[in-house]
1. Do we have Val102 as modelled with pLDDT of 95 or more and out of contact with any helix residue (DSSP H, G or I) (no Cβ under 9 Å at 6 or more places or on another chain) here?
2. Looking only at the range 86-110, which residues are loosely packed, with under 13 Cβ neighbours inside 10 Å and assigned to a strand (DSSP E or B)?
3. Restricting to the range 62-85, give me the number of residues that are among the acidic types (Asp, Glu) and either under 18 Å from Asn120 (Cα atoms) or outside any strand (DSSP E or B) (or both).
4. Do we find a residue being hydroxyl-bearing (Ser, Thr, Tyr), part of a strand (DSSP E or B), at pLDDT below 95 and within 19 Å of Asp41 (Cα to Cα) anywhere in the range 121-136?
5. Any idea which residue in the range 35-79 is farthest from Asp90 (Cα to Cα), counting only those that are modelled with pLDDT under 95 and of a type in the set (Asp, Glu)?
6. Could you go through the range 121-128 and let me know if any residue there is among the polar types (S, T, N, Q) and surrounded by fewer than 15 Cβ atoms within 10 Å (Cβ to Cβ).
Amino acid sequence: MFGRAAFVLLSVVALAAPVRQTLHVVPLIRDGEVLVSFKLDDALNDDMRAAIHSGLTVKLVYTIDLRRTASVWFDRTIASAVVAATVRYDTLARRYHLSRTVDGRIDWAETTDREETAWNALTSDFARLSLFRGVSLEPNAEYYVRVRAHATPRNVTFIWPWLGDDAVGLAKFTFLR
């Protein structure tokens, strides 16, 4: 009896959970430095468009971890970085104010009147970011880059007792010297 109740409960939770988006991650090793490119494959939906056009600031926060695989113990985090992309729509001027920060420092900012450009700034304008300068990598070791993304404001249809990520992606590589 308990097994059926647990199965029904887990089925309801699985159906009520939000759909995960796909996050593509591509690491590139150049001169001992790890460059990271990533892209969130998600189309602009009506809820997100309404939030942006209401003048609300919409932010996607990406947490990028460079990790080394371990065969015996937990994987070790070598370095972490946080990249945040923000869009705020000015309802009077009908323009989008875009910005990106890397570890709390402003990386770039611009203004546009194109919705497609604003959405790309949130989801796909992340190519060859130099996030892990000065990190020494061990030759012939296996590493991976994990990118976790979450959006604010959160639009959750099911209340979880903890906050999770909206999308997670990773890519493995071997550092050859």
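1. Here the answer is yes, as Val102 does meet what is asked.
2. Listed by number, the residues that qualify are Asp90, Arg105, Ile106, Trp108, Ala109, Glu110.
3. 1
4. No: the range 121-136 contains no residue that is hydroxyl-bearing (Ser, Thr, Tyr), part of a strand (DSSP E or B), at pLDDT below 95 and within 19 Å of Asp41 (Cα to Cα).
5. Asp75
6. No, the conditions are met nowhere in the range 121-128.
The values are calculated or read from the model by the stated rules, or taken from the named source; none is laboratory data. Quantities reported herein were computed from a predicted structural model and do not represent experimental measurements. Note that each Cβ is placed from the backbone with ideal geometry, even for glycine, and that neighbours are counted across all protein chains shown.
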